[in-house]
Amino acid sequence: MKKRLAAVLTAALTISVLAGCSSGSATTYGKYIKLGEYKGLKVNQIKTEVTDDDVESEIEYALEENAEYTEVDRGAQDGDQVNIDFTGTIDGEEFDNSSDTDYDLVIGSEDFQPEFEEQLIGVKAGDTVTFTITLSEDYEDEHAGEDADFEVTVNSVQEINIPELTDEYCKEYTDYETVEDYRAGIKAELESYYEDDSDYTAGSDALSQVIEASEFSGYPQELYDQCKAEYDANNEAMAEMFGLEVEDIAGTEEDIKEAVEEMVYSEMVVSEIAEKEKITVSDDEYTEYVNSVYAEYGYDSVEDYEADYTKDETLSSILYDKVIDFLLENAEITEVSEDEYYDAEYEDESDMEDLDWEDETDTEDFTE
């Protein structure tokens, strides 16, 4: 279970989505919704456990993040990073995701097929090599198992020097003085992150149960428009962050409408539960919340945070959290392992087949 501590990167982008969305009015939604049962829900919650391997994986990731890259005038070796331009062809024709320029590849990382990476060992900056490999049977294309010709130009070769984990490293790169304190601190941070993630997953499942059990007879257009605006804004921010097109994230018009309606129904259910249970957010709770999160979301001050998020948006987020807490406090919680949780989610094999798995990079088609 490898989870990065930098999850706050997307937190600021998803504050509105996580909290549903608010039309900014005091309107209730009673005429649009017959609220389903929301007490006594049966909810599975992932039992969190931080292992030594989790801690070491996080530390290894941090060490790699602080590695020094030194350009060298020699043939590339296993573990070096090479910057390459490459073109792949089959029968003289380029095929999908077979070419790129200015691509950084660590030899031995198996980002590409091992046979591809092995061809670059010994190659110097400025050299161009040509070779043929057989595409893996796992290659996600009709060309799986076929021979492909590649021309690769190496622009640079860099030696990667990963720092050693010492007390001196901790003092320079972390908030800790010793390796022992650093490991203990990482474990505590992971435990907090895993618990928050577990709570969020369980809370989302609980809310989904209420939405599924509720009956809807439409919704205010104002609320839909607000949710649509927030949905679009989040997609634009995510697309910019990851260098993608908005269309690649949003999907079809039908996908967009379904996603926005999920936000609408979430807002309506949360609002109705809050009204029935007299759950409110005080000014003091608002102030305490903003003071506790503005730095986490990357802002220098409360004023900067409030310049991007209206009070209604933040109140909606706080109310969402309070309603989720209420649902979990009144649910029948069963702790399960992470494997048990996801096995239950996809116990129907057809569900797995319908999932749209995507590669992490445009060129990972060469991986095994």
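With every protein chain left in place, what is the accessible area per residue of the chain in square angstrom, probe 1.4 Å?
On the way: 21240 Å² over 368 residues.
Per residue, the chain has 58 Å² of solvent-accessible surface.
How high is the FRET efficiency from residue 292 to residue 344, r the C-beta distance, R0 22 Å, rounded to 0.05?
On the way: r = 34 Å, r/R0 = 1.54.
Approximately 0.05, to the nearest 0.05.
Please provide three numbers in whole Å: the alpha-carbon extents of the chain along the principal axes, with the largest listed first.
Result, largest extent first: 71, 54, 41 Å.
Given labels modelled 7 Å from the Cα in the Cβ direction, how far is it in nm from residue 237 to residue 115?
Once both label points are built, they end up 4.5 nm from each other.
Compute the Cα gyration tensor for the stretch 217-331, then decide on rounded, prolate or oblate, letting a ≥ b ≥ c be the square roots of its eigenvalues: rounded whenever a/c is under 1.5, prolate when a/b is larger than b/c in the other cases, and oblate in all that remain. Kindly include the intermediate steps, with their values, before the conclusion.
Numbers: a/c = 2.12, a/b = 1.15, b/c = 1.84.
Here the stretch 217-331 falls in the oblate category.
Please work out the FRET efficiency for the pair residue 310 and residue 78, using the Cβ-Cβ distance as r and a Förster radius of 51 Å; give the result to the nearest 0.05. Mind dumping the intermediate values first?
Numbers: r = 53 Å, r/R0 = 1.05.
After rounding, the FRET efficiency stands at 0.45.
Please check: in the Gaussian network model of the chain (C-alpha springs, under 10 Å), which one of 319, 35, 105 has the largest mean-square fluctuation.
105
Using the beta-carbon distance between residue 216 and residue 283 and R0 = 41 Å, what value does 1/(1 + (r/R0)^6) give for FRET efficiency, to the nearest 0.05?
Here the calculated transfer efficiency is 0.80.
Taking +1 at the Cβ of each Lys and Arg and -1 at the Cβ of each Asp and Glu, which of 76, 242, 289 sits farthest along the dipole of the chain towards its positive end, judged by Cα position relative to the Cα centre?
Among 76, 242, 289, the one farthest towards the positive end of the dipole of the chain is 289.
Tally up the carbon and sulfur contribution to the accessible surface of the chain as a whole percent, 1.4 Å probe, everything protein left in place. The partial results should precede the final answer.
Numbers: 8780 of 21240 Å².
For the chain, the apolar C and S fraction of the accessible surface comes to 41 percent.
Strictly over 22 Å apart at the Cα level, which of 278/322; 31/276; 47/276 would you flag in this model?
47/276
Using the alpha-carbon atoms, what tilt in degrees (0 to 90, nearest 10) does helix 253-276 show relative to the longest principal axis of the chain?
Long axis of 253-276 versus the principal axis of the chain: about 40 degrees.
By a straight-distance test (C-alpha under 26 Å), which lysines pair with residue 171 as possible cross-link partners, with residues fewer than eight away in the same chain excluded?
Candidates past the 8-residue exclusion: 2, 3, 187.
For helix 179-213, report the angle its Cα long axis makes with the longest principal axis of the Cα atoms of the chain; keep it between 0 and 90° and round to the nearest 10°.
50
Per residue, how big is the convex hull of the stretch 160-252 when only Cα atoms are used? Give it in Å³. Before the final figure, lay out the partial values.
Details: hull volume 16.7 nm³, N = 93.
Considering the Cα atoms of the stretch 160-252, their hull volume per residue is 179 Å³.
Let me check against my output: what whole-number percent is the relative contact order of the chain, with C-alpha pairs under 8 Å and at least 6 apart? Numbers along the way, then the final one.
Working: 502 pairs, mean separation 117.5, N = 368.
So the answer I get is 32 percent.
Using Cα-Cα distances under 8 Å and only pairs 6 or more residues apart, what relative contact order does the stretch 181-267 have, in percent?
Details: 21 pairs, mean separation 29.2, N = 87.
Reported relative contact order: 34 percent.
Considering only DSSP states other than H, G, I, E and B, which GluC sites (Glu not before Pro) in the stretch 166-255 qualify as loop sites with at most 12 other Cβ atoms within 10 Å?
Working: sites: 168, 172, 177, 180, 189, 191, 195, 212, 215, 222, 230, 236, 240, 245, 247, 253, 254; in loops: 177, 245.
Those satisfying the criteria are 177, 245.
So the label point goes 7 Å from the Cα of residue 162 along Cα→C-beta, right? Which residues of the stretch 50-70 then have their backbone N under 20 Å from it?
Those under the cut-off are 51-70.
The values are calculated or read from the model by the stated rules, or taken from the named source; none is laboratory data. Remember, it's a predicted structure, so these values are computed and weren't measured experimentally. Here the Cβ is made from the backbone with ideal geometry for all residues, glycine too, and neighbour counts use every protein chain on show. Note: areas computed on protein heavy atoms with side chains; ligands, DNA, RNA excluded. Shrake-Rupley method; radii C 1.70, N 1.55, O 1.52, S 1.80 Å.
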